[in-house]
Amino acid sequence: MGKRSGAKPAIVGLGELKPVRYTEGQTTLGMIAESVRLAALDAGIEKGQIDGLLVGPQVGETPQHVPATVSEYLGLEPRMSNVVDLGGATGAGMLWRAQAAINAGMCETVVCVLANTHEKGKVSRSPNRNPIREFDVPFGASGANTSYALLKQRHMEEYGSTQEQFALIAHWARKNAQLHPDAIFYRKPASVDDVLASPLIVDPLHLYEIVMPVGGGAAVIVTSNERIIDANKHPPVYCLGAGEKVTHRAVSQAPALEAAPLSYAIAHALGQARLKVEEMNLLSLYDCYTSVVGTTLENAGLCPPGKFGEWMKHHSFGHDGDFPLNTHGGQLGFGQADLAGGMSHIIEAVRQLRGEAYGRQIKRARYALVTGNGATLSEATALVLGGEA
Amino acid sequence: MEDKFIDLTVPGPTITPVSKPFWDALSQDEFVVQRCLDCTRWVFYPRNLCPHCWSNQLEWQQASGKARLKTWSIVHRPGHPAWQAVAPYVVAIVELEEGPSMMTHLLVDVKQKLDIGTPLELCLTKVNDRNMPFFRVVD
Ligand SMILES: [Zn+2]
């Protein structure tokens with residue numbers, strides 16, 4: 001019977017693989033293992049100290065028994081393990097669940113890991129045999145690009161938002177990526193005009209408004225073990241609040257944009273942390289598409305619904321700006337390693353709160369808002385991370 | 001205009017025992033939607049319980065085929081390669097007169113001016129030998 005350990009659960013380890021356009025000769029399991037190894041090194045722990053494991057679904061390699069397969073591969077014997085299946089919100093959802101499992105006495109030290117290969121020319125088609133497959137796909141509406149284009153069009157029509165306003169989000173992502181040598185778009189900035197000149201993939205979405213799929217992986221270790229926290233070479237980072245909401249799967253069944261599930265999740269996370277969104281020193285907002293950042297700024301209450309474009313005109317979003325936003329470049333600048341892409345927002349937030357975001361460090365970074373978004377504004381998780389317990 | 005879909009070999013619906021009456025009716029040129037006998041609300045897509053009140057008393061009823069446009073997009077690069085043959089094309093989310101929303105394919109020119117609320121009507125269209133519930137703009 002595990003007794004609850006004394007310390008408040010803290011994030012003590014980060015592992016991140018540099019995103020690559022295409023992987024070669026790699027397996028997802030191998031990349032998971034490498035991400036976990038890096039996180040354990042960062043945390044200063046041995047593998048035997050890990051007693052909790054959270055993994056994501058894997059469409060291709062391991063559709064079932066994922067925790068057992070990963071445990072076997074790594075030689076782990078967790079006393080708590082599970083799959084978290086929240087699309088782009090999986091990483092954030094894992095962190096909250098890791099903390100809850102620790103607080104419930106299920107385990108003490110949890111590794112949360114997501115990774116995937118991305119091989120050239122290999123397209124894995126969804127094995128869905130469910131309503132979205134039956135009632136959306138046969139009309140020519142396959143894939144996330146089309147779904148998010150529908151949501152962006154709705155925003156533009158309902159609120160009068162403009163292509164330039166959305167393009168500015170992609171511009172900032174690329175600009176911030178210039179300070180992150182691992183980013184896929186490092187040394188590839190893009191102006192607003194460049195974004196608007198990129199091809200329309202699914203109108204109204206331009207190519208540069210859409211994340212680039214890459215291969216990569218990320219792992220985060222959370223522990224309540226005081227010895228591990230005390231011996232850690234990095235200052236601990238805590239999850240001060242969290243919130244989550246799931247509403248629908250298919251975009252045709254989505255609620256109104258201003259009632260998107262992130263509006264609930266963000267408010268809940270800030271409420272738990274007893275902080276206001278204006279007190280956040282970093283906005284680490286999930287950005288599979290420009291339009292998601294726009295609606296997230298609105299869902300977070302930084303501006304009224306429909307007004308993100310006007311609001312952004314008056315602020316600056318670099319690490320030295322008044323509202324640092326996705327200082328790692330976001331996924332639009334860093335690349336999206338499938339589900340691990342969502343984890344990049346957590347990793348950057350922890351680096352900033354540790355004071356280790358070299359070359360792009362936010363001054364006096366105390367609090368960060370992290371969001372995760374899965375399916376089409378369907379699965380939403382928000383975290384407030386802080387460097388002070 | 002609708003002929004271009006006849007030989008299009010795109011993924012068709014993955015019909016289930018619950019949804020079969022919907023597709024069977026379409027093949028008879030009828031558009032039926034489930035309605036809850038308890039709360040009277042209409043339900044789409046087909047289910048075996050009402051998502052509003054959890055009643056399992058659902059009945060197939062004739063729907064009007066009238067709808068309004070909620071949002072749309074012009075697909076230049078389809079998510080499934082088989083659709084490329086008819087790209088660019090317009091997909092849309094429509095709100096049926098009866099209440100529920102559904103995804104559909106709009107039979108309009110990509111240059112046509114559209115607005116939220118544009119009135120639409122059902123236009124059954126043969127795709128790969130199956131009647132699909134596409135919509136067009138009301139003249
Ligand atoms: Zn009902």
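Quick note: the coordinates plus some simple rules give every number you see, no bench work behind them. Because the structure is a prediction, the values reported are computed rather than measured. FYI the Cβ positions are ideal-geometry reconstructions off the backbone, even for glycines, and counts take in every protein chain you see.
Which of the aspartates and glutamates could be linked to B:K20 by a straight reach, that is with a Cα gap under 15 Å, when you skip same-chain ones fewer than 8 residues away? Partners found: A:E134, B:D29, B:E30, B:E59. Our note on the geometry: Cα centres of the range B:124-139 and the range B:1-72, 13 Å apart. Estimated at 0.36 nm per residue, the fully extended path between A:E310 and A:S191 surpasses their Cα-Cα distance by 41.0 nm. For the range A:95-189, the set of trypsin sites (Lys or Arg not before Pro) satisfying both a DSSP loop assignment and a count of at most 15 other C-beta atoms within 10 Å is given as A:K120, A:K122, A:R125, A:R129, A:R187. Distance between the modelled labels on A:E164 and A:D182, one decimal in nanometres: 3.7 nm (7 Å Cα→Cβ projection). Membrane-span-like helices in chain A, defined here as complete DSSP H runs extending at least 15 Å along the helix axis by their C-alpha atoms with mean Kyte-Doolittle hydropathy no lower than 0.5, are A:28-43, A:261-273; this is a sequence and geometry rule, not a statement about a membrane.
For the protein assembly as shown, the Kirkwood hydrodynamic radius comes to 24.0 Å, computed from all pairs of different C-alpha atoms.
Taking other residues whose beta carbon is less than 12 angstrom from the beta carbon of A:P131, and scoring Lys, Arg as +1 and Asp, Glu as -1, yields +2.
Look at where the Cα atoms of the range A:253-269 and of the range A:180-222 average out, and the two centres are 25 Å apart.
Run the numbers on the range A:272-373 and let me know its relative contact order in percent, using alpha-carbon pairs under 8 Å that are six or more apart. Let's see the in-between values first.
Values: 144 pairs, mean separation 38.7, N = 102.
Relative contact order, the range A:272-373: 38 percent.
What is the sum of charges, Lys and Arg at +1 and Asp and Glu at -1, for the other residues whose Cβ falls under 14 Å from the Cβ of B:W42?
Details: positive: B:R35, B:R41, B:R47, B:K66; negative: B:D38, B:E59, B:E95, B:E97, B:E98.
That sum, taken over residues with Cβ under 14 Å, equals -1.
Residues whose amide H lies under 5 Å from that of A:Y367, counting only those 5 or more places away or on a different chain, are A:N281, A:L282; hydrogens are built 1.01 Å from N in the peptide plane. Based on Cα contacts under 8 Å between residues 6+ apart, chain B shows a relative contact order of 25 percent. The label point for B:D24 and the one for B:Q112, both projected 7 Å from the Cα toward the Cβ, are 3.3 nm apart.
Farthest toward the positive end of the dipole of the range B:24-90, out of B:Q57, B:S27, B:V43, is the Cα of B:V43, where the dipole comes from beta carbon charges about the Cα centre. Taking every alpha-carbon pair under 8 Å whose residues sit at least 6 apart, chain A reaches a relative contact order of 26 percent.
Rounded to the nearest 0.05, what FRET efficiency is calculated for A:Y358 and A:A256 with R0 set to 56 Å and r the Cβ-Cβ distance?
Values: r = 42 Å, r/R0 = 0.74.
Calculated value: 0.85.
Charge dipole of the range B:1-93 (Cα centre as origin; +1 on each Lys and Arg Cβ, -1 on each Asp and Glu Cβ, all else neutral): 440 debye, rounded to the nearest 20. Translational diffusion coefficient of chain B (Stokes-Einstein, Kirkwood radius from Cα pairs, 37 °C, 0.692 mPa s): 207 µm²/s. If R0 is 22 Å, what FRET efficiency do you get for B:V86 and A:E119 from their C-beta distance, rounded to 0.05? The pair B:V86/A:E119 has a calculated efficiency of 0.15.
Which is the longest stretch in chain B that no exposed loop site breaks, taking sites as trypsin sites (Lys or Arg not before Pro) with a DSSP loop state and at most 13 other Cβ atoms within 10 Å?
With trypsin sites (Lys or Arg not before Pro) excluded where exposed in loops, chain B gives B:1-110 as its longest stretch.
Exposure proxy ranking for A:C303, A:C112, A:C239, B:C36, based on other Cβ atoms within 10 angstrom of each Cβ and starting from the fewest, stands as A:C303, B:C36, A:C239, A:C112. For A:K8, a cut-off of 16 angstrom between C-alpha atoms picks up these aspartates and glutamates, skipping any fewer than 8 places away in its own chain: A:E108, A:E226, A:D230, A:E388.
At the listed q of 0.10, 0.11, 0.12, 0.21 Å⁻¹, the Debye profile of the range A:249-389, built from one uniform point per Cα, gives log10 I(q)/I(0) equal to -0.30, -0.36, -0.43, -1.39. Residues whose amide H falls under 5 Å from that of A:M212, counting only those 5 or more places apart or on a different chain, are A:G335, A:Q336, with hydrogens built in the peptide plane.
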